[in-house]
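Below: one structure, written as structure tokens.
The values are calculated or read from the model by the stated rules, or taken from the named source; none is laboratory data. These numbers come from a predicted model, not from an experiment. Cβ placement follows ideal geometry from the backbone for every residue including glycine, while neighbour counts extend to all protein chains displayed. Surface accessibility is based on the protein's heavy atoms, side chains included, excluding ligands, DNA and RNA. Shrake-Rupley method; radii C 1.70, N 1.55, O 1.52, S 1.80 Å.
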Amino acid sequence: MPQALAQHKSYQADFERLERGLRFGDAPWLQALRRQAMDSFDQLGFPTALRGNEKWKYTRVAPIAEAAFEHPFDGQPDRVQASDIQGIAPWDKGWTNLVFVDGRYSAALSTPNGAGSSMQAISLAAALATEEALVQQHLARYADFKDDAFIALNTAFLEDGALVWVPPGETLPTPLHILFITTEHQKPVVTYPRVLLVAGSNSRLILIESYISLSSNGYFTNSVVEMLAEEGAQIEHYRFARESPRAYHVGMTRAYLAKDSVLKTTSLTVGCAILRNDLMVLLDAPGASTEVRGLHLTNGVDHVDNHIDIDHAKPYTKSNQYFKGVLDGKSRAVFSGRVLIRQNAVKAQAHQKDYNIILSEGAEIDTKPALEIYCDDVMATHGATAGHVAEELLFYMRSRGLDRELARALLVRGFASEIIDGVGVDSLRSYLDRQLSQALPTHQPERSL
Amino acid sequence: MSHHNGDTRPPMLQIANLHVAIGDVEILKGVDLAVRLGEVHAIMGPNGSGKSTLVNVLAGRPGYTVTQGEVLYEGMDLLRMLPEERARAGVFLAFQYPVELPGVRNWQFIKTAVDSIRRHKGLKELSVREFDRLLQDKVRTMEFDPELIKRAVNEGFSGGEKKRNETIQLLMLDPKLALLDETDSGLDIDALRTVASAVNTRRSSSNATILVTHYQRILNYVTPDHVHILIDGRLVMFGGPALALEVEAKGYDWLRQAAETTG
Ligand SMILES: Nc1ncnc2c1ncn2[C@@H]1O[C@H](COP(=O)(O)OP(=O)(O)OP(=O)(O)O)[C@@H](O)[C@H]1O
Ligand SMILES: [Mg+2]
């Protein structure tokens, strides 16, 4: 039996075990949903085919499909102490923090204060007990599992996760942070982080989603975040991933934007064995707009794939993508996806930029910005660059006494910090800045004005 | 005029028969020049004559091939030194076209430069406070917009702001040999005066300056010890400040002809 097939069977077995031992309510609709998702996964299989597989053309899924991952049925979220994650994870006492350990909500680590707000930010498992109608109305509506094996698998194993519901007109006073931690295990595990965000009309919030690891082993994070921005809602979203260097991470983000709503999303990715940052935004009404930024730092044999799909379905929609990458070692990065401007989407504006610095001979970037435009009256631009640090700039700095290494380090940091400087949450920005210092092959610059 | 008359010490900079090519094209065709401590030399010449090539080669810019000749700087073989080694030994080039350094903050950059050079001299790094006091002083001297110190180096600066920024770096690094490549170009008259007074203030018996310029304008404020005319890769004439006035009045053609007849 081929390896991939064997592993497929092990997901089946895990699924059956999950169904037998359901942890919460019987909710028949949820059982049916999981079952449908599992059927989808069965039919689709992992996208390992190399031919005719546009979406996964530059990332080999085979290592994920062929590896054996255990479902952490016996996870013990309480094993992790606050002191274990201090200094490792982004954290601020002032935030509302929801923490998940190996896929399970940890009440001990979470600080779900949501001060002064009627927002709901709770574990999905708890939400199913108290907010079942809301969950049923939205869950799996924006992240479609019918044509995506990873979303299907995540949905089939849906147990816990975060539900965030911001009532209409409400502004969250503090950022909401959802942290997913993978701990050390004997054998590689798979976890299925899940977030459902419903931002009511004219609500505003800041959502931080982060993934960290307390292990340096291999494991698989298969996450799905689905968002609905109702009319006039404004979502500021950050996604931070620093997994174990041997980890596989497939992160699916699906956003549905109603009239005049705004999604600003920034990802900061520290590379690992395979990391896919897969975002799809549907701009489904006039005035909907999205700004997508990202920074990825890769080294060693990391593989990072940013796949961004933007659908301008209606007139007067806007999208602006800005990605930057710093590649070292023998790492590889991919920037792919497409911007689709449909026939009736007049006055749509779409911009896409992907800039990369390559620090070594062995690193490689595949950047394929793609615009598909079926409407005349639009404005669309795209551009991509990949290159080494310019000698011209290095010479300027060296002529002031900086040695080559230091000059290069300052330039690379300057290049990367543009994305970090745009982070609107102070404590997150300084955390990311420290991550940048650690991840880049640079000296620590001193305090500056 | 030449206050080194009778000075028997070797020049701080001695350029001998310097030939420089870019690719297969020879740009400098045998330049000889001696610069002594305390001197200011002006180099003038038509566009494309090789003025920038000369100062760039002295600063160690990549892309040039020295095909013949040598350069001694304080007894060292300058051309064998890395650009940063030259900077640490006191050579400074103010660029004709300063580059932009995206995301590298000006304050940080100048501090790093000052510290790199201090470390080399065995001095300890300046504290943030000490450095900032010195820098603010130069910022005021140069009438530089203090906001620009917080921004990325030269990014989005106007032409004149870039030149002022070069001058601030000149003052902060206080080099022994300053090579100023058209630092006066693109400056308004006030800025020109401040740049000129910066050059005058730092003028001392322990340093020297080579000033590349197109305009005699700056020489109204900075009186050079020598004026050299570079045409087609050769220094075809030298003289005192009066030569600059003559060039301004008559252009370069008469010098070109003179150069052709002599050789
Ligand atoms: N990268 C290059 N490749 C080929 N030729 C070059 C290059 N850089 C300079 N040159 C040529 O070298 C010659 C000398 O250039 P240089 O910049 O030294 O002149 P300059 O005297 O400083 O002129 P300007 O007064 O315009 O600044 C010019 O003919 C120029 O076109
Ligand atoms: Mg020039």
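It is to be established whether one or more residues within the range A:142-151 are free of Cβ contacts under 8 Å to residues at least 60 places away in the same chain and part of a loop (DSSP other than H, G, I, E, B). Looking through the range A:142-151, none of the residues is free of Cβ contacts under 8 Å to residues at least 60 places away in the same chain and part of a loop (DSSP other than H, G, I, E, B).
Counted as qualifying within the range A:11-87 are the helices (runs of 4 or more DSSP H) with 1 or more residues that are more than 23 Å from A:Ile181 (Cβ to Cβ) and open to solvent by 30 Å² or more (accessible area, probe 1.4 Å), namely A:28-44, A:62-66. Filtering the range B:108-149 to residues that are acidic (Asp, Glu) and part of a loop (DSSP other than H, G, I, E, B) leaves B:Glu125, B:Glu143, B:Asp145. Residue count for the range B:145-171, restricted to those that are within 21 Å of B:Val114 (Cα to Cα) and open to solvent by 10 Å² or more (accessible area, probe 1.4 Å): 12. For the range B:172-194, taking the residues that are of a type outside the set (Asp, Glu), more than 16 Å from ligand 1 (Cβ to nearest atom) and under 30 Å from B:Pro10 (Cβ atoms), the one that is most open to solvent (accessible area, probe 1.4 Å) is identified as B:Lys176. Within the range A:119-136, being free of Cβ contacts under 8 Å to residues at least 24 places away in the same chain and within 11 Å of A:Leu30 (Cα to Cα) holds for no residue.
Checked against (1) touching an Asp or Glu at 6+ places or on another chain (Cβ under 7 Å); (2) of a type outside the set (D, E, K, R); (3) away from chain A (no Cβ under 12 Å), B:Leu126 meets all criteria but (3). Taking the criterion of being in contact with a Gly (Cβ under 9 Å, 6 or more places away or on another chain) and on the phi < 0 side of the Ramachandran plot, would at least one residue in the range A:24-35 satisfy it? No; the residues of the range A:24-35 include none that is in contact with a Gly (Cβ under 9 Å, 6 or more places away or on another chain) and on the phi < 0 side of the Ramachandran plot. Residues considered: B:Leu101, B:Leu79. Of these, the only one that is away from ligand 1 (no atom under 16 Å from the Cβ), within 30 Å of B:Val25 (Cβ to Cβ) and open to solvent by 40 Å² or more (accessible area, probe 1.4 Å) is B:Leu79. Apart from one condition, B:Gly160 fits all of (1) within 12 Å of chain A (Cβ to nearest Cβ); (2) away from ligand 2 (no atom under 16 Å from the Cβ); (3) in a helix (DSSP H, G or I); (4) not polar (S, T, N, Q); the exception is (1).
Within the range B:88-97, track down each residue that is within 7 Å of chain A (Cβ to nearest Cβ) and open to solvent by 10 Å² or more (accessible area, probe 1.4 Å). The answer is B:Arg88, and nothing else.
Residue-by-condition table, conditions (1) open to solvent by 10 Å² or more (accessible area, probe 1.4 Å); (2) closer than 17 Å to A:Ala363 by Cα:
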{"position": "A:Leu275", "(1), (2)": "no, yes"}
{"position": "A:Leu282", "(1), (2)": "yes, no"}
{"position": "A:Ser289", "(1), (2)": "yes, no"}
{"position": "A:Val292", "(1), (2)": "no, no"}
{"position": "A:Leu295", "(1), (2)": "no, yes"}
{"position": "A:Thr298", "(1), (2)": "no, yes"}
{"position": "A:Ile308", "(1), (2)": "no, no"}
{"position": "A:Ser319", "(1), (2)": "no, no"}
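To keep it simple, each residue is scored yes or no on (1) more than 7 Å from chain B (Cβ to nearest Cβ); (2) more than 15 Å from B:Leu82 (Cα to Cα); (3) among the acidic types (Asp, Glu); (4) open to solvent by less than 60 Å² (accessible area, probe 1.4 Å).
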| residue | (1), (2), (3), (4) |
| --- | --- |
| A:Thr381 | yes, yes, no, no |
| A:Ala384 | yes, yes, no, yes |
| A:Tyr396 | no, no, no, yes |
| A:Ala407 | yes, no, no, yes |
| A:Leu411 | no, yes, no, yes |
| A:Glu418 | no, yes, yes, no |
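The set of residues in the range B:203-233 that are within 16 Å of ligand 2 (Cβ to nearest atom) and at pLDDT 90 or above comprises B:Ile210, B:Leu211, B:Val212, B:Thr213, B:His228, B:Ile229, B:Leu230, B:Ile231, B:Asp232, B:Gly233.
Take B:Leu211 and decide whether it is more than 22 Å from B:Val57 (Cα to Cα) and either out of contact with any helix residue (DSSP H, G or I) (no Cβ under 9 Å at 6 or more places or on another chain) or open to solvent by less than 10 Å² (accessible area, probe 1.4 Å) (or both). Judged against the criteria, B:Leu211 is not a match.
For the criterion of being part of a helix (DSSP H, G or I) and within 30 Å of B:Ala89 (Cα to Cα), A:Arg413 passes.
Within the range B:21-42, can you find the residues that are more than 9 Å from ligand 1 (Cβ to nearest atom) and not in a loop (DSSP other than H, G, I, E, B)? Residues satisfying the conditions are B:Ala21, B:Glu26, B:Lys29, B:Gly30, B:Val31, B:Asp32, B:Leu33, B:Ala34, B:Val35, B:Val40, B:His41, B:Ala42. Out of the residues in the range A:345-370 that are open to solvent by 50 Å² or more (accessible area, probe 1.4 Å), under 17 Å from A:Asn320 (Cβ atoms) and of a type outside the set (Ser, Thr, Tyr), state the one that is farthest from the chain's Cα centre (by Cα). Looking at the filtered set, the residue picked out is A:Lys347.
Yes/no per residue for (1) touching a Phe, Trp or Tyr at 6+ places or on another chain (Cβ under 8 Å); (2) assigned to a loop (DSSP other than H, G, I, E, B); (3) within 16 Å of ligand 1 (Cβ to nearest atom); (4) within 14 Å of another protein chain (Cβ to nearest Cβ):
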position	(1), (2), (3), (4)
B:Leu211	no, no, yes, no
B:His214	no, yes, yes, no
B:Val227	yes, no, yes, no
B:Ala244	no, no, yes, no
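Consider the range B:175-184 and keep the residues that are modelled with pLDDT of 95 or more and of a type in the set (D, E, K, R). The one that is nearest to ligand 2 (Cβ to nearest atom) is B:Asp181. Name every residue in the range A:139-167 that is at pLDDT 95 or above and surrounded by fewer than 19 Cβ atoms within 10 Å (Cβ to Cβ), in order of residue number. Of everything in the range A:139-167, those that are at pLDDT 95 or above and surrounded by fewer than 19 Cβ atoms within 10 Å (Cβ to Cβ) turn out to be A:Arg141, A:Asp144, A:Lys146. The number of residues in the range A:173-227 that are out of contact with any Ser or Thr (no Cβ under 9 Å at 6 or more places or on another chain), open to solvent by less than 10 Å² (accessible area, probe 1.4 Å) and more than 18 Å from A:Thr96 (Cα to Cα) comes to 1. The condition (being over 20 Å from A:Leu402 (Cβ atoms), of a type in the set (Lys, Arg) and without any contact (Cβ under 8 Å) to a residue 60 or more places away in the chain) is satisfied by just one residue among B:Arg164, B:Arg105, B:Arg119, B:Arg151: B:Arg164. Scan the range B:27-68 for residues that are within 16 Å of ligand 2 (Cβ to nearest atom), open to solvent by 40 Å² or more (accessible area, probe 1.4 Å) and within 14 Å of another protein chain (Cβ to nearest Cβ) and jot them down. Correct list: B:Arg61, B:Gly63, B:Tyr64.
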